[in-house]
Each structure stands twice: as C-alpha cells, then as structure tokens.
Amino acid sequence: MSTSISPELLASGGPAWLQQRRESARAMLETLTPPSASEEIWRYSPIDSRDVLASRRGADLVDSPEIPASAMVTMRAEEIALGVIPDGVVIERFSESDATPVIADIDDFLVALNQSTLIDGVRVRVARGHLVAAPMVIVHVLAAGFSASRVSIDVAEGAACEVIEVFLGGDETTVSLPVTEIELANGASLQHSAIQLLDGGAWHLATIEASVGQDATLVQFIAGIGAAYDRCRNDVALIASGASSTLRATYHGQAKQVHDLRTNQDHRAPRTISNMLCKGAVRDESHSIYSGMIRMRHGAVRSDAVQTNHNLVLDEAARADSVPNLDIKENDVRCAHGSTVGPLDEDQRFYLEARGIDPEHVETLLVQGFYADLLSGVSTAAAEIVRPSLEARLAKERPHG
C-alpha cells in the first residue's frame, strides 16, 4: 500500500474544529505505517491485495437499497438526511456542530485516514437521565468507490438508548472506512448494533471505539453478511469502577469472502466486567479471522472477562483462524477464553436424520440453530434486520448431505 492519499479523497470545508482535525490526521498519516499482513493486527488478512489510499470517490450510487422505515438518519453517499428525532436526543451533522468528538485513536492508520478524508459525520447526544424507548436507526447507503463515514454517540449520565447502524449498497469498487465513537457517562446504558449488508464485492474496514464510565453498561452486536472483505476492529475501554461491556458478533462466509473481527476488552478500573461471544460459519473457499485481546491493567482488581469464539467450517476449502490473547497485569482478576473450530456435530446430524429429516435439509437446520442461539441474545430490532438476510443466504446455498 502506498503512503500518499489520492487527491480525490481529500476533503475540505466545515467548522474550524473539523478542518483542524483533518489537518492533524493528514500530518499523523505521514508518521504511520500503512496496514500490512506482516503486522500482527492484520495477520491472515488480504490487506496487501488492495491499495486503499489509491481509491477514488464514486459520484453516483450504484443501486437504491430499501431504507428501513425506522431510519432516523440516512447517510446516502456524502449527503445526510435527518428524520424525526425523539425527545431528549440531539442529532446533528459535524458540519453544523461546534462539538468536537475526540474518542477515536488517531494513532490508528485507518482512523487517521477516515479523519483526514471525512466530509461530514453525525453526532448523537442523549440527555442526562433520559430513556429513549425506540431504537434509533442510522442507515449508511454506500456508493461506488471510497467512503469514510463517522458517527459519534454520547450518552449522558443515567440515560439509556439503542442505536442501530446498517450498511447497504456499494459494488466491487467500494472501500468503506466507517468509524463509530461511543462515550458512556456514569450510569449510562447503550445497545449498539453494526450490521453490514453490503454488495458481495465491497471492502468494509470498520472501527468501533468505546469508553464506558462508572456503572455504565454497553451491549454491542456486530453482524457481517456481505462484502468481499469484511473487517471490524472493536475496542472497548472500561475506564471506571463497575463499567460493563457485552459483545455478540456473527458472520456467514461463502464463495471467497473474508470476515475479520479484532476485539480489545480493556479493563482499566476495578470491578469491571466484559463478555465477548463470536459465532460464525464459513463455507466454499471463505475465510474467517478472529483475534481478540483481554487486557487487565494494574488496578483492575476483581474484574471479570470472558472471550469465546465458535466457528463452523462447512467445506474442506473453507478456513477459520482464531487467536484469543490475554495480557494480565493484575492478580485479583478472573479471565477466561475459549475457541472452537470444526464441522457440524455428527451426532446431531445423525439424530435428525434418524428421525426422518431429509439429509439435504439437516445441515441447514443445524446452521440455523447455531445462529438462533446467538441471535436470541441480541436486540430484537437488530435481530429482525439480520435474520432475513441470513436465512436468504442459507436458502440459496447448495445442499450438503
């Protein structure tokens, strides 16, 4: 990958703080090394096969995906449309805001690239103590070529809400670099979902960074269905006593797709809790990558962390790599991690076939059950978006006996 940005990716305009952040990010890019599969954080990935910096912005949408009726924000290419906003919530464009989101780590190359090319973004702010009953849905409709979107979510003390981001559209030229920043104040609660349903040829390189305050609760769901290369880096910092984080993630690979999830459960304070569960399946020549880190820093006494990754490999040419990691610098903590990679359970297959179920349908039923277990534990609204796409994909796959 080259180190210079295509002139077509450079953005300008907006408030002074946004212009200054772009300039800082461009300066930072000069000091950072572009992603390479030789780095541990890009291990097993196809990042060397495409020069993201040489991408061009697409002028037109390649199709018109159906927008969920519940959408409160639609980010269509470079335009942002706001719908009806619930009481107690402020949703504003970066281009019209004096507030400066500062959570995301600019030392990361893709975050710096996002920030240096960002035309506009959306900030969601929930007022102190306010409970938002209905999910807030942000729909990203992608065009051909390069796309860098930014969403900042600030939930004030004692407030609670749900935000669902859905990524639609794109084509084989699409390179999507979204960044989502989340900040939860003391006692706040957020359910956040990121659902990727892009065209099968697109690249989606997402970053989600969260900071969770005292006694605050973050529940996340990440789903990857589309895209040729689907990557999400999810970093959660538990910065004060009693902070809690739960992450559920899933993917379904087919053809030559690559689904790549990197997580960091960062415990920086005492009595913090994190729980990560990822379940996915790969068939044909698809490939999944999971690399996770649990960090227990000095002072994170009596903290508890769990990291679990289960992979179904449905064809001999498919591949699943799973790399759980622990970095523990405190004694009085509890950490657990586990990983499984393998085919469907033959005992379960035999059980169903012995009861008269057609062998051609047994595998589909078992895979549906594998996903149903995970989807039952996530937001109902998010599950209702993912389930139809997942079931449609399973229905189209060739039967296996």
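What the table shows:
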{"read-out": "Value of [θ]222 nm, deg cm²/dmol, for the chain, DSSP H segments ≥ 4, -39500 (n - 2.57) each, nearest 500", "value": "-5000 deg cm²/dmol"}
{"read-out": "Paramagnetic reach from Asp48 in the range 4-39 [backbone N under 15 Å; point 7 Å along Cα→Cβ]", "value": "34-39"}
{"read-out": "Loop-located trypsin sites (Lys or Arg not before Pro) in the range 233-278, at most 15 other Cβ atoms within 10 Å (DSSP)", "value": "Lys256"}
{"read-out": "The chain: most fluctuating residue of Cys335, Cys278, Cys232 per GNM, C-alpha cutoff 10 Å", "value": "Cys335"}
{"read-out": "Cα gyration tensor, the range 64-175 - rounded (a/c under 1.5), prolate or oblate", "value": "oblate"}
{"read-out": "Other-chain or far-sequence residues with amide H under 5 Å of Thr174's (modelled H)", "value": "Gly145, Trp203"}
{"read-out": "Rg over Rh [alpha-carbon atoms, Kirkwood Rh] for the range 7-344", "value": "0.95"}
{"read-out": "The chain: antiparallel DSSP beta bridges as a percent of all, rounded to 5", "value": "5"}
{"read-out": "Global geometry of the range 211-258, whether rounded, prolate or oblate, following the gyration tensor of its Cα atoms and the 1.5 cut on a/c", "value": "prolate"}
{"read-out": "Overall Cα dimensions of the range 248-401 - principal axes, largest extent first, Å", "value": "56, 32, 29"}
{"read-out": "5 angstrom amide H check on Ser211, placed H, neighbours 5+ away", "value": "Ile182, Glu183, Leu184, Ala237"}
{"read-out": "Cα gyration tensor, the range 345-401 - rounded (a/c under 1.5), prolate or oblate", "value": "oblate"}
{"read-out": "Reachable lysines, given that their alpha-carbon falls under 24 Å from the alpha-carbon of Lys279 and they are not under 8 places away in the same chain", "value": "Lys256, Lys396"}
{"read-out": "Candidates per GluC sites (Glu not before Pro) in the range 89-185, loop by DSSP, up to 14 other Cβ within 10 Å", "value": "Glu172"}
{"read-out": "Rounded FRET efficiency, nearest 0.05, which uses the C-beta distance separating Glu391 from Ala317 and R0 of 25 Å", "value": "0.55"}
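Coordinate-derived values only; no laboratory data. Bear in mind the structure is a predicted one, so any value in this text is a computation, not a measurement. Using ideal geometry, Cβ is built from the backbone for each residue, glycine included, and neighbour counts are taken over all protein chains shown.
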